[in-house]
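Heads up, the thing below is written out as structure tokens.
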Amino acid sequence: MAGPLEAQLEAADSGEQTRNQHECRAAPRREPLDEDQFKQSIEDLHGGCRVYTMPLVVSGILDAVGWRAEADLSSARLLEPAAGSGEFVVQAAERLVASCRSQGLTVTPQLLRPRITAFELHPRAASEARGRVRASLQASGVSPATASECADTWIHAADFLLSEPPCSGYTHAVGNPPYMRWSKIPPLLRSCYEKRLPRHLTRGDLFLPFLDHSFDRLQPNGKCGFLCSDRWRYTAFAERFRQEWLPCLDILSDHSVQAAEVFDRPVSTYPSIFIASKRPRKRRNSPSIPERPGRTLAALGCAIKAGPALGHGPAFVLEPTEHDVEPELLRPWVAAPEILDGSINWRGRRVVIMFDNSGRLRNPQAYPLLARRLNRFRTRLKHRSIVQKGAPWYRTIDKTQTADWLRPKLLVPELAKVPRVALDRSGIVPSHGVYAIFPPEDRIDEIYDALREGGLARALEGIAPKLKGYTRCYKRFLSRARLFA
């Protein structure tokens, strides 16, 4: 049983010694945490991560992992590490009750209690989840006393990362783990995680340790289904995580989805639904890929950066027929489909440059046309997480300045069946789904000639992973691409 807040703080402190023993790294003892400040950290984290899953998506994930009413769930155990308002638990409970009845079993607290374990660190959300589960069980014909006992037992108002689940060997694990860059986690809570967790999990993004702990608690042949960003499959911060876990998982499906179709509010992320089964064997390291001859793009002096994230494209990107922003604020804008191998098929769209050349955010009130346009999107813009964390409602996520994109550059779509590259000397601004390679100016033509007409695909072979036929041309793989043996 997960303890109260005090127990979680003690767990974080005790985890510091364990972590130091494992990693041979001394850490200074911190002063005891202020409980009110810690509670505020939980509020702040919840405010940034409160993005719940659509019921139809929950149903599909439960189907995919085999938590079905027609299956025998009487001895199954399901883990939900971040319950939110309880949609996964509600639907899992309904299926559990139907399954038990189909097996001719009497629905008792003793039968139901061990079947589901869920965590939710935000107390009000946990209370809401319990209420929903209680009502759902009663609607399924479960007695009020049993429904209350199960709801209270199943849903723990505790932090999954700082708590030990009441059992291990789960047959199923499902959920939508919180998504937040590690640097954005409230400092007090981040400090607790860094005491408790292995170092390689305390970087990149918060969802990574949630996945790690969930995989770890699955029994062999257990099934998991998560709605989360797919960045852990390819980004540098998750390299050790991949080495540990990919050899241990049979990936049954992993398909990208549109955020608007799966979440209950607008978010700026690229989610996927990941379904896997845990292999019945111990972890082992993945074989390393041998180094290839030649010099990498990084060694050749190439800088690589992704196009700016805007936060809500329709507000900041003008179609060719739109002319409702002051022209001096606009630059040509290009998306991945407009980048061909060796050329750019620009469709006439332009992006609003929200920062001046000194890096200051422009005030829309100084530009009447811009102000009127942004006001049309004000409601959507104000609900973005960047605004909830204190940014002005009209800013883009990334700082977009004209000067950043004026240098000659090579443009590469982030995803491509056949990696392709085009040269730009016009100062066009790429979308967030495009990477820009800035070679030294005296070598740009030489490098471009080596990368076009299939050269980029050859340079990335054995380096960039493929998923469903698409090559992931991410920065970390582009920098390792080798040319000029």
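The values are calculated or read from the model by the stated rules, or taken from the named source; none is laboratory data. The model shown is predicted, which means the values in this text are computed figures rather than measured ones. FYI the Cβ positions are ideal-geometry reconstructions off the backbone, even for glycines, and counts take in every protein chain you see. Quick note on the areas: whole protein, heavy atoms, side chains included, nothing else; ligands and nucleic acids left out. Shrake-Rupley method; radii C 1.70, N 1.55, O 1.52, S 1.80 Å.
Within the stretch 202-224, the set of residues being open to solvent by 40 Å² or more (accessible area, probe 1.4 Å) and within 16 Å of the chain's Cα centre (by Cα) comprises just one member, R203.
Before we move on, is E80 crowded, with 21+ Cβ neighbours inside 10 Å and without any contact (Cβ under 8 Å) to a residue 60 or more places away in the chain?
no
Among the residues in the stretch 131-149, are any in contact (Cβ under 8 Å) with a residue 60 or more places away in the chain and either assigned to a loop (DSSP other than H, G, I, E, B) or not β-branched (V, I, T) (or both)? For the stretch 131-149, residues in contact (Cβ under 8 Å) with a residue 60 or more places away in the chain and either assigned to a loop (DSSP other than H, G, I, E, B) or not β-branched (V, I, T) (or both): absent. Residues in the stretch 350-367 include at least one that is buried (at least 16 other Cβ atoms within 10 Å of the Cβ) and out of contact with any strand residue (DSSP E or B) (no Cβ under 8 Å at 6 or more places or on another chain).
Checked against (1) free of Cβ contacts under 8 Å to residues at least 60 places away in the same chain; (2) among the aliphatic types (A, V, I, L, M); (3) more than 22 Å from Q219 (Cβ to Cβ); (4) open to solvent by 20 Å² or more (accessible area, probe 1.4 Å), L121 passes all but a single condition, namely (1). On the stretch given as the stretch 150-187, residues that are over 12 Å from A82 (Cα atoms), in contact (Cβ under 8 Å) with a residue 40 or more places away in the chain and among the polar types (S, T, N, Q) total 4. For S127, the test of being under 28 Å from the mean Cα position of the chain (by Cα) and open to solvent by 10 Å² or more (accessible area, probe 1.4 Å) is passed. Considering only the stretch 225-279, state which residues are within 16 Å of the chain's Cα centre (by Cα), assigned to a strand (DSSP E or B) and of a type in the set (D, E, K, R). Answer for the stretch 225-279, where residues must be within 16 Å of the chain's Cα centre (by Cα), assigned to a strand (DSSP E or B) and of a type in the set (D, E, K, R): just D254.
In the stretch 437-477, the residue that is modelled with the highest pLDDT out of those that are buried (at least 21 other Cβ atoms within 10 Å of the Cβ) and over 26 Å from S253 (Cα atoms) is I437. Total residues in the stretch 425-436 satisfying the condition of being in contact (Cβ under 8 Å) with a residue 24 or more places away in the chain, open to solvent by 10 Å² or more (accessible area, probe 1.4 Å) and not small (G, A, S): the figure is 2. Regarding L121, is this residue in a helix (DSSP H, G or I) and either closer than 18 Å to S85 by Cα or touching a helix residue (DSSP H, G or I) at 6+ places or on another chain (Cβ under 8 Å) (or both)? No; evaluated as a whole, the condition is false for this residue. The combined condition, being open to solvent by 50 Å² or more (accessible area, probe 1.4 Å) and touching a strand residue (DSSP E or B) at 6+ places or on another chain (Cβ under 8 Å), is fulfilled by R420. Taking residues in the stretch 357-374 that are within 20 Å of P314 (Cβ to Cβ), and partners anywhere that are in a strand (DSSP E or B), the pairs with Cβ atoms closer than 9 Å and at least 6 places apart or on different chains are L361/F355; R362/V352; R362/F355; L370/V352; R373/L318; R373/V352; L374/V352.
Restricting the search to the stretch 151-169, which residues are outside any loop (DSSP other than H, G, I, E, B) and closer than 26 Å to F215 by Cβ?
Of everything in the stretch 151-169, those that are outside any loop (DSSP other than H, G, I, E, B) and closer than 26 Å to F215 by Cβ turn out to be T153, W154, I155, H156, F160, L161, L162.
For the stretch 88-100, name all the residues that are open to solvent by 30 Å² or more (accessible area, probe 1.4 Å) and either touching a helix residue (DSSP H, G or I) at 6+ places or on another chain (Cβ under 9 Å) or modelled with pLDDT under 95 (or both).
Within the stretch 88-100, E94, R95 meet the criteria.
Restricting attention to the stretch 460-485, the residues that are touching a residue at least 60 places away in the same chain (Cβ under 8 Å) and part of a helix (DSSP H, G or I) total 4. Once the stretch 32-63 is narrowed to residues that are open to solvent by less than 30 Å² (accessible area, probe 1.4 Å) and at pLDDT below 85, the residue that is farthest from I185 (Cα to Cα) is V51. Of all positions in the stretch 374-393, none carries a residue that is over 14 Å from L310 (Cα atoms), at pLDDT 95 or above and open to solvent by less than 20 Å² (accessible area, probe 1.4 Å). Of all residues in the stretch 154-199, those satisfying the criterion of being farther than 27 Å from I397 by Cα and open to solvent by 40 Å² or more (accessible area, probe 1.4 Å) are A157, E164, P166, S168, R196, P198, R199.
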